[in-house]
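What follows draws every value from the coordinates through simple rules; no lab data is involved. Keep in mind it's a predicted model, so treat the numbers as computed, not measured. Positions of Cβ are generated from backbone atoms using ideal geometry, with glycine treated the same way; all protein chains shown enter the neighbour counts.
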Amino acid sequence: MALETRKVGGNAYLYLSRRDAKTGRVRKVYVGRGPKADAAAAELETRRKSRGDERRAVEQAVAELRAVDALMASFGEAATLIMEATLFAAGFHRPNFGVWRKRRNRDGHGGHRGAIPDRGAAGRIG
């Protein structure tokens, strides 16, 4: 939006800059001159200021939500750590950071070849 003074007559004319949808070029559209143009320019300036106020309010709300988001992220990390510790204490494991699986044997070998057999009370030495 601009009030432009032209050489002819020295009057102020109100022009709006609009982008053409087909070509993408900016064109100036004549709105008027005189008291009507002054009133329209004042109204456009009021709208511009209110949009700026709204934008600042949104930016402030986003900044406040970022703080809450950071707090929730740290809460999520703590909850994940507690869950992993609980699963590990219950005898689960995560091979290659995959899904949690229950170990087959309590000795920690999982029943694979070469595992130490459980001898029970009768097989103890000493």
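From Ala21, Ala85, which residue is loosely packed, with under 10 Cβ neighbours inside 10 Å and either among the small types (Gly, Ala, Ser) or closer than 30 Å to Trp100 by Cβ (or both)?
Testing whether each residue is loosely packed, with under 10 Cβ neighbours inside 10 Å and either among the small types (Gly, Ala, Ser) or closer than 30 Å to Trp100 by Cβ (or both) leaves just Ala21.
Would you mind stating whether Gly24 is of a type in the set (Gly, Ala, Ser) and without any contact (Cβ under 8 Å) to a residue 12 or more places away in the chain?
yes
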